[in-house]
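Undergrad: Let me give you the structure first, and then I'll get to my questions.
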Amino acid sequence: MKNIIKLIMTFFILTASFSSFALTEQSYIDWSKGKIYSVISVRTEYNYNFPHNRLLQTEAAREKAKVNYFRILSDINISQSVPLMDYISENPVRDSALLTLIDEANLESIEYPDLSTVRLSYSINLYGDNSVANIIMAQEGFYTEELHQYEGFHFKSDYSGIIIDARGVLKSFGGHDVTVQPSMFVSVIDDDGHQVFNQYNVDANVIRRQGMVQYSYNINGDLTDRIGSNPYRMVAYGTGDDVGSVLVITTPDAKRILASSATRDSIRNGRVAIIIDR
């Protein structure tokens, strides 16, 4: 946390050193691509000191992009309404690793919309070797539990993956209206409240490499690369929390996806897609 405060102070010291420019931002998370974008536009007053300020504004934009990431990450839950930043700041190793990740953010593009404006777009990865997921998984000692079928239920269901349609407004167990917000980890339960699967049923290396699930904004999108050509499709009809990191499916659906070892292996390998509203 001290590193975060130091970074924010650096930005304000830098921007206070000259006043002839304005900052605007457009930052967002693309869960379908697994990237977090921080886009900063800086406009400099065109005067006798313009060349000098033009150089300064680019550095100011870069520092602002870093500060933005802490705000963006504060909006992400790791699981069941636990904020990602709270989890990371509990451990100084994770905290330092996050600062390094942000400091090394990839410059996606630099544009000049007009003579006085520079727009810089930076990105960091949610998943992969150098990513938010890698920071989480490196310190956690994750294990993978075997999934088991419902007792007495036998059904041939060799599905290549599963698709959960979680669009629209769902009711939580507490009676609240919930629009599903993506989380790093997801739990799926049946309508009796029994656990169907969660992050401990998915291989840790899969989570680190590509995420526990694939979020998509398009019900008709091509998800074959992630879930294969023969997925089982179902609809989530409720949530177990107020952000949608716990999804409720029907017990018949739960029984069907756990009925065969092939489909259970699909879950273990992260071949799960969740369709949400943008």
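Undergrad: Springs between alpha-carbon pairs under 10 angstrom, Gaussian network model over the chain: which of G193, G152, G175 fluctuates most?
TA: Per the Cα network of the chain with a 10 Å cutoff, G152 tops the list.
Undergrad: Could you calculate the FRET efficiency of N269 with Y237 from 1/(1 + (r/R0)^6), where r is the beta carbon distance between them and R0 is 25 Å, rounded to 0.05?
TA: After rounding to 0.05, the efficiency reads 0.45.
Undergrad: Let me ask something else. When DSSP assigns beta bridges and you keep just the ones with both residues in the chain, what percent turn out antiparallel, to the nearest 5?
TA: Here the antiparallel bridges make up roughly 65 percent for the chain.
Undergrad: In the set (i) -0.27, -1.24, -1.38; (ii) -0.32, -1.08, -1.18; (iii) -0.26, -1.14, -1.25, which value of log10 I(q)/I(0) by the Debye sum over Cα atoms at q = 0.07, 0.15, 0.16 Å⁻¹ was calculated from the structure you see?
TA: From the options (i) -0.27, -1.24, -1.38; (ii) -0.32, -1.08, -1.18; (iii) -0.26, -1.14, -1.25, the structure gives (ii).
Undergrad: Rounded to the nearest 0.05, what FRET efficiency do I219 and E59 give with R0 = 35 Å and r taken as the Cβ-Cβ distance? Could you check? Please list the in-between numbers first.
TA: Working: r = 43 Å, r/R0 = 1.24.
Here the calculated transfer efficiency is 0.20.
Undergrad: Please get the size of the charge dipole for the range 161-275, origin at its Cα centre, with Cβ charges of +1 on Lys and Arg and -1 on Asp and Glu, quoted in debye to the nearest 20.
TA: Charge dipole, the range 161-275, about its Cα centre: 360 debye, nearest 20.
Undergrad: What's the tally of Lys pairs in the chain whose alpha-carbon atoms lie under 20 angstrom apart, where the two lysines are 8 or more places apart or on different chains?
TA: 7
Undergrad: Follow-up question, since we're still on this one. Measuring from label point to label point, each 7 Å out along Cα→Cβ, what is the E90 to T179 span in nm?
TA: For E90 paired with T179, the spin-label model returns 3.0 nm.
Undergrad: Could I ask something else about it? Grab the DSSP H runs of the chain that are 4 residues or longer, score each as -39,500 (n - 2.57), total them, divide by all residues and round the 222 nm result to the nearest 500 deg cm²/dmol.
TA: -9500 deg cm²/dmol
Any read-out appearing in this document is the output of simple, stated calculations on the displayed coordinates, not a laboratory observation. What you are looking at is a predicted structure, and each value in this text was computed from that prediction instead of being measured. Glycine gets a Cβ as well: all are built from the backbone with ideal geometry, and neighbour counts include every protein chain shown.
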